[in-house]
Structures are given as C-alpha cells and as structure tokens.
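One structure is given below, encoded as structure tokens.
The values are calculated or read from the model by the stated rules, or taken from the named source; none is laboratory data. Everything quoted here is computed from the prediction, not taken from an experiment. Note: ideal-geometry Cβ built from the backbone for every residue, glycine included; neighbour counts use all protein chains shown.
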Amino acid sequence: MANAKPLKLIEISKRYKHITPVPRMPNFAAWIEGVDLTQPLSVAVKKELRQALFDFEVIFFKPQKITPQQHIELAKVFGPISSGSYFERKADAPEIELIMNDKKRPPKIDNWHTDISWKDHPPLGTAIQITVTPPAGGNTCWISTSKAFEWLSPGMQKYLEGLSAVHTWEIASFRDSLAAKGDEALFAALKAYKPVTHPVIRKNPDSGRKCIYVNTGFTKKIIGVDRHEADGILAFLFDWFKKPEFMVHHQWEAGGIAIWDNRSTQHYALADYWPHDRVNQRVTFDDSRTPSKEGRAKKKALAGK
Ligand SMILES: [Fe+2]
C-alpha cells in the first residue's frame, strides 16, 4: 500500500501566462513550450521560468540552436554562475563545462547524486545541453527528492528530520582521478575541501517543499546514530529513491536542454552508450542568497572570536 498523499495538481493555466509548462509526471518534470531561447527573454518570461523550475524541479526544452552566450544567459535567469566542478572548460566560454565521452573517455557519472553536495553551499542548479547524442542510450534520469520525502510515513519523516549527514567527494571517483595525478594533487584537495555536514531533510526555500538530502555519490554517514543503523537508513533511502513514481527518464535529442533544481532532485547519467560519442555542455548556477567567499570567511572569523 502506498503512503501517497492525495494528488493536488499545480494549476498551470492560472499560474502561467507567458510560458506553457507541460508536466511529464504529476507536479514533476515539465517540458517548457512557447519560449524561443535564441531571442532575448522578457522579465515576465524569466520570472515564470524560475517559477517553473521551483514547481517542477526539472524542466526541458526541445532542441534549440543557442549560442554559448545564450546558454550562459539562460543559466543566469536562475542565479549567478557557479564556480562549477573539475570538468574541462569550453575555450571561448569558460563558464561552460564540457563532459565529452567517446571511445577513449568512457562515461563515469552513472550514479545517483546531487551536484557538489560536498560543499557547504552546493549550486542551486544546472542548465545542460547535449550537443552530440549517441545512436542509442545516453539518457539522463532525475528523481524528485521532495516527492520521495512526501511519500514516507509520518513516523519516518519525523525521525529523518532530526538527523544530519556527512558529505565528501572522497568517496566518489574524484578521489581516484586526483590520486592518479599524484599525492600532491590529492593532498591539496583533501586540505581545500574537507567533509561538510547537511541536514538529512532540507527545505527548498523557493518551493517550500521538504527534500531528502542524502545521495550515493557523496553522503558518507549519518551522524549520532550507531553505524549499523546509519548504514541501514542510508541503504533504505537509496533504494526508496528508485521508486518509478519519483523518477523521469529522459531521452535526448541533439540540442535538447534540461535545467534542474539541485536542491530538490538527484540525477543519473546512463553509461549504456559507450564507446559512442556524447557531448554535454553545462552551466551551473548558485543561489543568489548564498554568502560570498569573503562573507563566509568573515562569518567564520567572527565565530572564532
Ligand atoms: Fe551531476
């Protein structure tokens, strides 16, 4: 028997006047129609795009021939451009990270994760365009972590709300990539990016929805409970996330675009197309409310007084 709450659908015609979201799942994952991304976007359209991201958590556009600058401008609709991750950068537009996979570079991100949850302030979201698609496969899946929370029993919700978990890149494949570069690179990263703690349940400040915030990519342990209990809870949640009701499975067309809210979703890039080519161009954006690096250093210094 499901614990599902009665479904109350978002009233699209009342809420949206300038764009047309077409949901692929109930209140999750929507195509966006009626927006030409090759033209400057009006303030009203930008506002509704932000609303759609918060309402549906991942939004999709059919293929559009956007320039690198238009890709960057699209990401800026949702927040300031983030420092991103360790991926290669596009030479003429360093805001764009490239994930290029081919015979010599097999795909490596076939695991469920939230981007960069190993930082205190992970990015708000990412806008990706798959510019080269393989002849078959190479889909991306997203899960709604707010839906995964909503469907839990009240007792389990309450229990999880009292917990925190440790997140670190050290349990991901980054560690092996860095170690391959030598001890110095690994030690520098270990020093620069120490493990961080996040609540197991976080409220998305823009949608107001509570979300489960642990992922197989970067969550190492739950704090304050016996290791066996913690491992059991994490194993249960990682399995729970995989309920098809929480998931959208997206098949790409070359030039298609997806934007996700990194606070309310996890994603998984299927690696079933190798050794064929696939090119992913991505721009990651932060929450404009995130304190700057200087602000954080100041806060830390004051806390230490
Ligand atoms: Fe990712």
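With the requirement that a residue be at pLDDT below 95 and assigned to a loop (DSSP other than H, G, I, E, B), what does the stretch 84-105 give you?
Hits for the stretch 84-105 are GLY84, SER85, TYR86, PHE87, ALA91, ASP92.
If I ask for residues that are of a type in the set (Lys, Arg) and within 20 Å of GLY255 (Cβ to Cβ), which ones from the stretch 35-68 would you list?
Step one: of the stretch 35-68, the residues of a type in the set (Lys, Arg) are 46-47, 50, 62, 65.
If the condition is that a residue be of a type in the set (Lys, Arg) and within 20 Å of GLY255 (Cβ to Cβ), then LYS62, LYS65 are the ones that fit.
How many residues does the stretch 111-143 hold that are within 16 Å of the ligand (Cβ to nearest atom) and within 29 Å of ILE201 (Cβ to Cβ)? Spell out the reasoning first.
To start, the set of residues in the stretch 111-143 that are within 16 Å of the ligand (Cβ to nearest atom) comprises 111-119, 122-130, 138-143.
Checking which are within 29 Å of ILE201 (Cβ to Cβ) leaves us with 111-119, 122-128, 139-143.
Final tally of qualifying residues: 21.
Considering only the stretch 18-30, I want to know if a residue exists there that is at pLDDT 95 or above, within 30 Å of TRP169 (Cα to Cα), surrounded by 18 or more Cβ atoms within 10 Å (Cβ to Cβ) and more than 19 Å from the chain's Cα centre (by Cα). Show your work before the answer.
Narrowing the stretch 18-30 to residues at pLDDT 95 or above: 18-30.
Those left that are additionally within 30 Å of TRP169 (Cα to Cα): 28-29.
Next, from what is left, pick out any that are surrounded by 18 or more Cβ atoms within 10 Å (Cβ to Cβ): 28-29.
Going one step further and asking which of them are more than 19 Å from the chain's Cα centre (by Cα), we end up with none.
Among the residues of the stretch 18-30, not one is at pLDDT 95 or above, within 30 Å of TRP169 (Cα to Cα), surrounded by 18 or more Cβ atoms within 10 Å (Cβ to Cβ) and more than 19 Å from the chain's Cα centre (by Cα), which makes the answer no.
Please pick out the residue among GLY155, GLY182 that is out of contact with any strand residue (DSSP E or B) (no Cβ under 9 Å at 6 or more places or on another chain) and on the phi > 0 side of the Ramachandran plot.
Numbers: GLY155 fails: on the phi > 0 side of the Ramachandran plot.
Answer to the selection: GLY182.
Would you confirm whether or not the stretch 162-183 contains a residue that is under 18 Å from VAL214 (Cβ atoms) and hydroxyl-bearing (Ser, Thr, Tyr)?
So far as the stretch 162-183 goes, yes, one or more of its residues are under 18 Å from VAL214 (Cβ atoms) and hydroxyl-bearing (Ser, Thr, Tyr).
Looking at the stretch 163-176, can you tell me whether even one residue there is surrounded by 20 or more Cβ atoms within 10 Å (Cβ to Cβ), farther than 27 Å from VAL225 by Cα and modelled with pLDDT under 95? Before the answer, list the steps.
Start the filter on the stretch 163-176 by keeping residues that are surrounded by 20 or more Cβ atoms within 10 Å (Cβ to Cβ), which leaves 165, 167, 169, 174.
With farther than 27 Å from VAL225 by Cα added as a condition, the list becomes 174.
Add one more test, that the residue is modelled with pLDDT under 95, and what stays is 174.
Looking for residues that are surrounded by 20 or more Cβ atoms within 10 Å (Cβ to Cβ), farther than 27 Å from VAL225 by Cα and modelled with pLDDT under 95, one finds at least one in the stretch 163-176, hence yes.
With the requirement that a residue be within 15 Å of the ligand (Cβ to nearest atom), out of contact with any helix residue (DSSP H, G or I) (no Cβ under 6 Å at 6 or more places or on another chain) and not polar (S, T, N, Q), what does the stretch 260-285 give you?
Matches in the stretch 260-285: TRP260, ARG263, HIS267, TYR268, ALA269, LEU270, ALA271, ARG278, ARG282.
So is LYS108 within 16 Å of the ligand (Cβ to nearest atom), charged (D, E, K, R) and at pLDDT below 95 or not? If you could, list the steps in order and put the result at the bottom.
On the way: within 16 Å of the ligand (Cβ to nearest atom): yes; charged (D, E, K, R): yes; at pLDDT below 95: yes.
Here the answer is yes, as LYS108 does meet what is asked.
Might you let me know whether the stretch 205-228 holds any residue that is more than 16 Å from the ligand (Cβ to nearest atom) and under 28 Å from ARG105 (Cα atoms)?
Yes, the stretch 205-228 has at least one match.
Suppose we filter PHE187, PHE174 for residues that are within 18 Å of the chain's Cα centre (by Cα) and over 17 Å from PHE149 (Cα atoms); which single one remains? Full working, then the answer.
Numbers: PHE187 fails: within 18 Å of the chain's Cα centre (by Cα).
Checking each option against the conditions leaves just PHE174.
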